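Okay, so here's the structure we're looking at.
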Amino acid sequence: MKQRIFCQRDCPDACSLIPTGLMIRGDPNHSVTRGFTCPKALKFPQYYKSERRVLYPHIRSGNEFKRVSWNEALSIIASKIKEVIKEHGSEEILVFNYSGNTGLISYNYPLRLFYAINATRIEYTVCDEAGKLALELHYGMGYGAFPDDLERAKLVVIWGANIASSSIHAYKIVSDLKARGVPIWVIDPRRTRTSLLGRHVRPKPGTDAVLAAGISWYIINEFGPDEEFISEYTVGYDRYRDLISKYDPETVQKITKVTKEDLRELAQDYSSFKPSVTYIGIGMQKTEYGAEAVRVISLIPALVGVHRGFFLSNSSRDFDTAYLQGRNLGHDRRVNMVEVPRLLAKGRFKLIYIYGSNPALSLPRADLFRKGMMREDLFSVVHEIVWTETAELADVVLPATSMLEQEDLVASWWHPYLGYSSPVMEPLGESRPNWWVTQKLAEKLDLKVPELKEDPRNVMSEVLRRSKMISISLDELRGKGYVRLSYPPKDDYQTPSGKIEFLSRKAGEIGYSPLPRIGWDEWPEGYPYKLLTSSVPEITSTQDLMPMDLLKRDNIHVSREDAESLGIRDGCLLLIRSSEGSEAIAVAEVDESLPPGIIWARRSARFIKGSVNDLLTDKTQEIVGGSTFNSNYVSIELIDPPDEQWAVPFIT
Ligand SMILES: Nc1nc2c(c(=O)[nH]1)N[C@H]1C(S)=C(S)[C@@H](COP(=O)(O)OP(=O)(O)OC[C@H]3O[C@@H](n4cnc5c(=O)[nH]c(N)nc54)[C@H](O)[C@@H]3O)O[C@H]1N2
Ligand SMILES: Nc1nc2c(c(=O)[nH]1)N[C@H]1C(S)=C(S)[C@@H](COP(=O)(O)OP(=O)(O)OC[C@H]3O[C@@H](n4cnc5c(=O)[nH]c(N)nc54)[C@H](O)[C@@H]3O)O[C@H]1N2
Ligand SMILES: [Mo]
C-alpha cells in the first residue's frame, strides 16, 4: 500500500501528497494534484518537526507552563468539567473547533464527547457558510463546477477570489485556458496575480450584489435571456426580472464605480460563451451583502442557460455528520463563532476546549477573545500541534499529532475526490490525535456511552457505508488511495420545485427574503478607509511556515494615492482605529495594487501592536449570521515618521 497524505489544511485543492524522504511532492497521478503542490506542503516535514511543536502536555503555573503527564492533564480537565457542570451547568462549557484540520475524524469525532455532556458548540460562520446557504436557497444542494468543468469552460469569471494564492490548481487551469484564448474576467478591487490573468474589473468593494444585478440587467434587456432554459429549468423568473429592472446601468455604475461599457461587455460575454464558470470567492462573500451577492451572481448562469455555472463550495456531500459528531448523544446548543470573543470577554462560559483552530488570531475582535481567555474564572484547554497565540493563553495545552502522523478521510470542497490519508511519520513527543484525547476524557469522566469508545477506523468504514455518493469499503479505499464521489447531475435541482428557484421557497420558509436582497456597503462617518484582508500564498490561515521572529511583523498596506495625501512612506508607523473602537499599530507599506480608500493586510496579520483581526468587525450577515470581515472601516493616523528598521517589505 502506497503511503500518501491528503492535505488536511482548509484549502480547495486538498492535494494528494507523496512523501519522499525529507520532502513531500505532489502526486503525479491524481487528477487534480497533477504532480505539483504549494510551497507550504513541500515543507510540511520540516514544519511539523520544527521547534514550534507542542511535544508534551503542559499546565499553566503563573506565567509559565509546566510539563505534566497525560494522565495528570486529563484528570485535571475531567475534574474541571465535572465542577463546571455541577456549579454552572453544562451549557457553560464551550467546545471550539474549526478549520485547522479538515479530516472527517479529526474535525468531527471530538464533538461526540461534548454532545454527550450537553456542552455548547459553535455555529460555523466565518468561512463559506453564508454563501453556501445562499446557493442552497436557489439550487437545492450548493455544488457547482468541478475542476474538469473549469477546464471545459468557454468563459471564466473569477469574482472576488485570488486563486493565485488560494487555489494554485485552479490558477493553473485558468492560466492554461488563457493561453488557449478563453476569455477571462477578474472582479477584484485589488490588483492581484490572479487579476493579471484576464480583464480586470475593480468595483467598489461590497457592491457585488449590485454589480451582478447590473450584468443581469444587460442580459435580460439587451442580449436576451435563454427563454427555453428558463421555462424548462427555473421558477420565479418574472419576479426576478422585476427586481433586476431596478438596477439599470446608470444606477449600477454610480454605486459600483464599474463603467456601463464593462458591465455590458461582461454581460455580452456571458451571453456568447457557454458554458461559463464563475469562480465565486469566499473573500468577497464576507461582506454585509456578501451572501446576497452570491445569490445574484449564481443566478447569472441560469439566465443564459448554463447549469450550475458557478463554484463557491462543493462541500455538499452526504457524509453522515450527525453520526460522526454523535449529535444524538445530547442537546444541540450553539453560539455563533463570530460572537464568541464578545461573549467570553463579558464573562460567558467557564470552560473552553479548543482544537483545530487558532481563534486568538483568526476570529474577528481577536482582542476581545484574548481578553476573555485571560479571565480568572475561565478554564481553557487547547489541543495543538504548535505553540500558537491561543495555546499561549491556555490553562492546559495538549500536544496534537499533525496530518503526517495520523490517518483520516479527506474530502475537498472543490474537487470531487475523497482520499484516505495514511500516517507517514511517527508521532512526535507525546502528541496524540484529536479523537484519542476525547476518548480518554470520556473514560476519566466515566461516561458509559459506546459512541465515545468507537474505534475511528470503524467510524471511517461506517461513514463510507452510509454515503450514497460512493460504494467502496475502507480497505479498498486504503488500497486505491482515493475515489470520485458521485454528485447528482448538474441539471438536478434539489429545491422544493425541483427547479432553479429565482424566487426561493426555502428562503421564505426559513425567514429570509425569497428574492435576493440587493444592497451594498455604506461607509460610516469618520472612518474613511475600508480594511480588506485576504489569503497569501505562504500561509494557510494562521498556519505558518516562517520562523516566528519574521511573523511578528506584518505590514499594513496603503494605496499610493492615500499615502501621498497623508504623507505616509514605507516604514511609517500608523495607528489604526476601527469603527467599533478597537485599535492596532502597524508599519505602513505603500502598495500600488490598492485603489484609494482601501487598506489591506494578509489574513490574521500580526502587527507591531495587536493584529489585524483585532480590528475586524463582529457584525454578522443576515444569512446564517455569516461574518462580514471585509465590511470593515477604520481611520488611520500617522504616529511616527519612517524608520529604517521597518522599511523592509514583508510579504504580499
Ligand atoms: N495560500 C493559502 N491558500 C488558502 C488559504 C490561505 O490562507 N492561504 N485559505 C483557505 C481558506 S480557509 C479560504 S476560505 C480560501 C479563501 O480564498 P479566496 O476565496 O480567494 O478569498 P480571499 O483570499 O479571502 O480573498 C480573495 C479576494 O477577494 C477580494 N475582495 C475583498 N472584498 C471584496 C469585495 O467586496 N468584492 C470583490 N469582488 N472582491 C473582494 C480581495 O481583494 C482578495 O483578493 O482560501 C483557502 N486557500
Ligand atoms: N483577517 C481575517 N481573518 C480570517 C479570515 C479572513 O479572511 N481574514 N478568514 C477566516 C476563514 S475563511 C477561516 S477558514 C478561518 C480559519 O481559522 P482557524 O480555524 O483558526 O484555522 P487555522 O489557522 O488554519 O488553524 C488553526 C490551528 O489548527 C491546528 N491544527 C491543525 N491540524 C490539527 C489537528 O489535527 N489537531 C489539532 N488539535 N490541531 C490542529 C493548527 O496548528 C493551527 O494552529 O480564519 C478566518 N479568519
Ligand atoms: Mo476559510
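Read-outs: derived from the displayed coordinates by stated rules, not from any lab. Because the structure is predicted, anything quoted here is derived from the model rather than measured. Every residue, glycine as well, gets a Cβ built from its backbone with ideal geometry; the counts of neighbours run over all protein chains shown.
Computed over the range 5-48, relative contact order equals 29 percent, with contacts defined as Cα pairs under 8 Å that lie 6+ residues apart. Let me know the shape class of the range 529-646, please: from the alpha-carbon gyration tensor, a ≥ b ≥ c as square roots of the eigenvalues, rounded when a/c is under 1.5, otherwise prolate if a/b is greater than b/c, or oblate. It comes out oblate by the Cα gyration axes.
Here the range 80-120 is assigned +1 on the Cβ of each Lys and Arg and -1 on the Cβ of each Asp and Glu. Its dipole about the Cα centre then comes out at about 160 debye. Taking GluC sites (Glu not before Pro) across the range 436-478, none is in a DSSP loop with at most 15 further Cβ atoms lying within 10 angstrom of its Cβ.
Set Lys and Arg Cβ to +1 and Asp and Glu Cβ to -1, take the dipole of the range 529-646 about its Cα centre, and tell me which of Ala601, Gly581, Ile639 lies farthest positive. With unit charges placed on the Cβ atoms, the residue in question is Gly581. With Cβ to Cβ distances under 15 Å as the rule, what net charge do the other residues near Ala116 carry (K, R +1; D, E -1)? Net of charged neighbours comes to +3. Based on alpha carbons, the Rg and Dmax found for the chain are 24.4, 72 Å. Here's the picture: charge each Lys and Arg Cβ at +1 and each Asp and Glu Cβ at -1 in the range 235-377, and of Phe319, Gln253, Val340 the one pushed furthest to the positive end of that dipole is Val340.
Relative contact order, whole percent, for the chain stands at 20, derived from Cα pairs under 8 Å and 6 or more residues apart.
By the rule of a C-alpha distance below 17 Å, with chain neighbours fewer than 8 residues away ignored, the lysines paired with Lys371 are Lys346, Lys350, Lys609.
Given the options Ile352, Leu74, Gly372, identify the residue whose Cα lies farthest towards the positive end of the charge dipole of the chain (+1 on Cβ of Lys, Arg; -1 on Cβ of Asp, Glu). The residue sitting most towards the positive pole is Leu74. Which shape class applies to the range 5-48: rounded if a/c is under 1.5, otherwise prolate when a/b exceeds b/c and oblate if not, where a ≥ b ≥ c are the square roots of the Cα gyration tensor eigenvalues? The shape class here is oblate.
So what is the relative contact order for the range 71-196, in percent, with contacts set as C-alpha pairs under 8 Å and at least six apart?
Working: 94 pairs, mean separation 21.0, N = 126.
It rounds to 17 percent for the range 71-196.
For the chain, what does the helix formula give at 222 nm: sum of -39500 (n - 2.57) over DSSP H segments with n ≥ 4, over the residue count, nearest 500 deg cm²/dmol?
Numbers: 27 runs with 209 residues, N = 652.
The helix-only estimate for the chain comes to -8500 deg cm²/dmol at 222 nm.
Which entries in the list Lys82/Lys440; Lys40/Lys490; Lys274/Lys480; Lys86/Lys444; Lys132/Lys246; Lys286/Lys530 go over 24 Å, if you measure between the two C-alpha atoms of each? Distance filter (> 24 Å) returns Lys40/Lys490; Lys274/Lys480; Lys132/Lys246. Does the range 103-201 come out rounded, prolate or oblate by the C-alpha gyration tensor, with a ≥ b ≥ c the root eigenvalues, rounded set by a/c under 1.5 and, if not, prolate when a/b is larger than b/c and oblate if not? The shape class here is prolate. Taking all C-alpha pairs of the range 67-118, those more than 15 Å from each other amount to 58 percent.
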